[in-house]
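S.K.: First the structure, which I've put down as structure tokens, then a few questions once you've had a look.
The values are calculated or read from the model by the stated rules, or taken from the named source; none is laboratory data. The model shown is predicted, which means the values in this text are computed figures rather than measured ones. Cβ coordinates were reconstructed from backbone atoms using ideal geometry, including for glycine residues, and neighbour counts include every protein chain displayed. We work out accessible area using only protein heavy atoms, side chains counted, and drop any ligands, DNA or RNA first. Shrake-Rupley method; radii C 1.70, N 1.55, O 1.52, S 1.80 Å.
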Amino acid sequence: MDNSEVAAVFHEIADLLEIQGVSFRPQAYRRAAQNIGQMDDPLLDVMKDGELEELPGIGKAMARTIQELLETGELEYLKTLRAEVPSGLLELIRIPNVGPKTAMLLHRELGISSLEQLKKAIDEHRLAAMKGLGEKTEERIRQGILLVEASIGRTLLGEALPIAEAYMEHLRGSNGMMMSVAGSLRRGKDTVGDIDILVGSDDPAAIMDAFISYPLVDAVIASGSTKSSVRLKGGMQVDIRAVAPGSYGAAQQYFTGSKEHNVALRRIGVEKGLKLNEYGLFERDSGREVASATEEDVYRALGFPLIPPELREGSGEIEAALNGALPELINEDQVLGDFHVHTDWSDGANTIDEMVASAIAKGYEFVAITDHSQSLRIANGLTPERLNDQVRKVREADERADGRIRVLAGSEVDIKVDGSLDFPDDVLMDLDVVIGSVHSRFQMDKREMTARVVNAIESGMIDILGHPTGRLLGQRAPYEIDLPAVLDAAAMNGVCVEINSFPDRLDLKAEDCRTAKGLGVKVSIGTDSHGIEHMDFIRLGVITARRGWLEAKDVLNTYSAPEVLKTLRSRR
DNA sequence: GCCGTTTTCGGCCCGACTGTTTTCAGTCG
């Protein structure tokens, strides 16, 4: 049992205890789970060294729990808890606006112990009539269910990519065969339904064998000579398709999609007397092969430059390619820094020095330290006094870096309900970079929320609007806001909008980035890192920027440290 | 169940919001 599995058990214990109405112990288990999840060393090694109790949040009892799990793979305590709480209640508390108390109430009063039963009860209007609930609560829960169901069967890009890459590593073995992801994953959609892998090989049978014998496979759904599907532990479906190396480019094009893009491309082929399929591009009359080895060949033969996968959504990329107006998309190696990084001064896991070292290791020219402000108590937000102390530490870290990197002093300051900022102006003036973010009162009406955010933008005190729509993929819809109005205000005031690279945010989303670019608003990419391992999320932000048609010049992160500082300082 | 520069018991980030209530319970971040 590895660390993440132990962490998962601890989360389940916390859920089960919460449903039972136990206080404080759930938080203890969650804190422990989080710490275990962030560890580098395997728990097994720590246990062998007899140092489990040295871990933060782990005492005698949890050390014993971990030992039992590692040695037997099971846990008596968990079995006991599971016997006490119907398993269906665990899925009920995943629904927004349904917590442990409501789940237990529904179980006790209406005998509900599954999502299906809850939906039926809502259809029959049985919640509204209950004591303690009512019409509005019933409606809120109904909306919550819709949100959860919309995300079922989809996996975050940031989760699917590493799964796909590890799988391909397993398949590739020693020889460097042609292989890549395809489908929506290759196009970089923020969530994907499954993982598609494409292989170019003369020996597909061997690949198929390796594919279905991957250790993480839970069930083989289909297994053929050139095409197979499996379901992994954890539920993700993975499809593989093998073609001859000579057809690899055409197959890549075909299986990357999107459907709309391919339809448009084939239509253009027809006009030229050509036929396009996964094996190649052919003359319609003679059947002669025109192109197939590389994607670039296929596109060129149709009269286009290579259209990057991220643009292939049938949203104007064909026309742009025909007019020679495709953007020169930003690349990850053009990103020179990260604008959104938390430390252990607020709710991050690592110190300033550790985050800076990580940024240096990534080859950055600059990194901004942006911890939370005082109102966000849950995240240990900084008071003006603590911020003042932190700025001094950041300046010292900058000195110590001795030119290897510029460390920028910043803050992710809360935009309060009235649009004012959580620090007075004179405090903000001391900072190199200020991100303004909404973290409270998400359910304001559209007019109020728009006014709130525009007010913050017009204060002249923020450089970047953080996660501008507040969405959490699969968990929370974006808040009601007039985004074009917000982007207009950003353009007028020279404020950047963020692409928050955290896997469940990716906010702004790609389509909105394109709108921002059209209005002349610059985009800043920030990882929102709460630990060094999050800094690699920058990649997800870059993919999102690419899907939003952004070029290097549209993204503040591609500017050199002196240019960045000049841009930021000119604003206040 | 964990933890300790208020320390071995008694706290535990806690305030805002909503809907259901006449003073509060549940959820969220």
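S.K.: Here are some conditions: (1) open to solvent by 10 Å² or more (accessible area, probe 1.4 Å); (2) outside any helix (DSSP H, G or I); (3) under 13 Å from A:Glu332 (Cα atoms). A:Gly520 meets all but one. Which one does it not meet?
M.R.: It fails just one condition, (3).
S.K.: When you scan the stretch A:420-432, do you find a residue that is of a type in the set (D, E, K, R), assigned by TED's automatic domain parsing to the domain that holds A:Pro468 and more than 28 Å from A:Ala490 (Cβ to Cβ), even just one?
M.R.: If we filter the stretch A:420-432 for residues that are of a type in the set (D, E, K, R), which is where we start, we get A:422, A:425-426, A:430, A:432.
Next cut, assigned by TED's automatic domain parsing to the domain that holds A:Pro468 only: A:422, A:425-426, A:430, A:432.
Keeping just the survivors that are more than 28 Å from A:Ala490 (Cβ to Cβ) gives none.
No, the stretch A:420-432 contains no residue that is of a type in the set (D, E, K, R), assigned by TED's automatic domain parsing to the domain that holds A:Pro468 and more than 28 Å from A:Ala490 (Cβ to Cβ).
Here's the yes/no breakdown for (1) more than 14 Å from DNA strand B (Cβ to nearest atom); (2) within 28 Å of the chain's Cα centre (by Cα); (3) within 30 Å of A:Asp507 (Cα to Cα); (4) open to solvent by less than 40 Å² (accessible area, probe 1.4 Å):
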{"position": "A:Leu118", "(1), (2), (3), (4)": "no, no, no, yes"}
{"position": "A:Glu124", "(1), (2), (3), (4)": "yes, no, no, no"}
{"position": "A:Ile163", "(1), (2), (3), (4)": "yes, yes, yes, no"}
{"position": "A:Met168", "(1), (2), (3), (4)": "yes, yes, yes, yes"}
{"position": "A:Leu171", "(1), (2), (3), (4)": "yes, yes, no, yes"}
{"position": "A:Ser213", "(1), (2), (3), (4)": "yes, no, no, no"}
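S.K.: As an exercise: evaluate A:Glu18 against (1) closer than 30 Å to A:Lys136 by Cα; (2) open to solvent by 20 Å² or more (accessible area, probe 1.4 Å); (3) part of a loop (DSSP other than H, G, I, E, B) and give the number of the one condition it does not meet.
M.R.: Only one criterion is unmet by A:Glu18, namely (3).
S.K.: Here is a follow-up. Would it be correct to say that A:Val394 is assigned to a strand (DSSP E or B), over 21 Å from A:Val523 (Cβ atoms) and touching a helix residue (DSSP H, G or I) at 6+ places or on another chain (Cβ under 7 Å)?
M.R.: Criteria not met by A:Val394.
S.K.: Condition test on A:Glu511, is it over 23 Å from A:Arg406 (Cβ atoms), open to solvent by 40 Å² or more (accessible area, probe 1.4 Å) and not in a loop (DSSP other than H, G, I, E, B)?
M.R.: yes
S.K.: State which residue pairs qualify: first residue assigned by TED's automatic domain parsing to the domain that holds A:Met104 and farther than 12 Å from A:Leu106 by Cβ and inside the stretch A:126-139, second residue assigned to a loop (DSSP other than H, G, I, E, B) and near DNA strand B (Cβ under 6 Å from one of its atoms) in any location, beta carbons under 9 Å apart, and separation of 6 or more residues or different chains.
M.R.: What qualifies is A:Ala128/A:Gly134.
S.K.: For residues that are open to solvent by less than 20 Å² (accessible area, probe 1.4 Å) and more than 16 Å from DNA strand B (Cβ to nearest atom), tally how many sit in the stretch A:126-157.
M.R.: Summing the residues that are open to solvent by less than 20 Å² (accessible area, probe 1.4 Å) and more than 16 Å from DNA strand B (Cβ to nearest atom) in the stretch A:126-157 gives 1.
S.K.: Output the qualifying pairs, or none if there are none: Cβ atoms under 8 angstrom, residues six or more apart or on different chains, first residue in the stretch A:43-72 and closer than 16 Å to A:Ser4 by Cβ and near DNA strand B (Cβ under 9 Å from one of its atoms), second residue basic (Lys, Arg) and at pLDDT 90 or above.
M.R.: Close Cβ pairs (under 8 Å, with a partner that is basic (Lys, Arg) and at pLDDT 90 or above) do not exist here.
S.K.: Within the stretch A:21-56, can you find the residues that are open to solvent by less than 70 Å² (accessible area, probe 1.4 Å) and on the phi > 0 side of the Ramachandran plot?
M.R.: Correct list: A:Gly21, A:Gly50.
S.K.: Could you look through the stretch A:467-488, keep only residues that are assigned to a helix (DSSP H, G or I), open to solvent by 30 Å² or more (accessible area, probe 1.4 Å) and touching a helix residue (DSSP H, G or I) at 6+ places or on another chain (Cβ under 8 Å), and pick out the one that is farthest from DNA strand B (Cβ to nearest atom)? First the steps, then the outcome.
M.R.: Looking only at the stretch A:467-488, we keep the residues that are assigned to a helix (DSSP H, G or I), and these are A:483-488.
Next cut, open to solvent by 30 Å² or more (accessible area, probe 1.4 Å) only: A:484-485, A:488.
Subsequent filtering for residues that are touching a helix residue (DSSP H, G or I) at 6+ places or on another chain (Cβ under 8 Å) retains A:484-485.
On the way: A:Pro484: 24, A:Ala485: 21 Å.
For the stretch A:467-488, the residue satisfying everything is A:Pro484.
S.K.: Looking only at the stretch A:368-390, filter to residues that are more than 14 Å from DNA strand B (Cβ to nearest atom) and open to solvent by 60 Å² or more (accessible area, probe 1.4 Å); which one of those is nearest to A:Val564 (Cα to Cα)?
M.R.: It comes out as A:Asn388.
S.K.: For the stretch A:57-113, give me the residue count where each residue is in a helix (DSSP H, G or I), open to solvent by 60 Å² or more (accessible area, probe 1.4 Å) and either within 30 Å of A:Met130 (Cβ to Cβ) or of a type in the set (S, T, N, Q) (or both).
M.R.: The total comes to 10.
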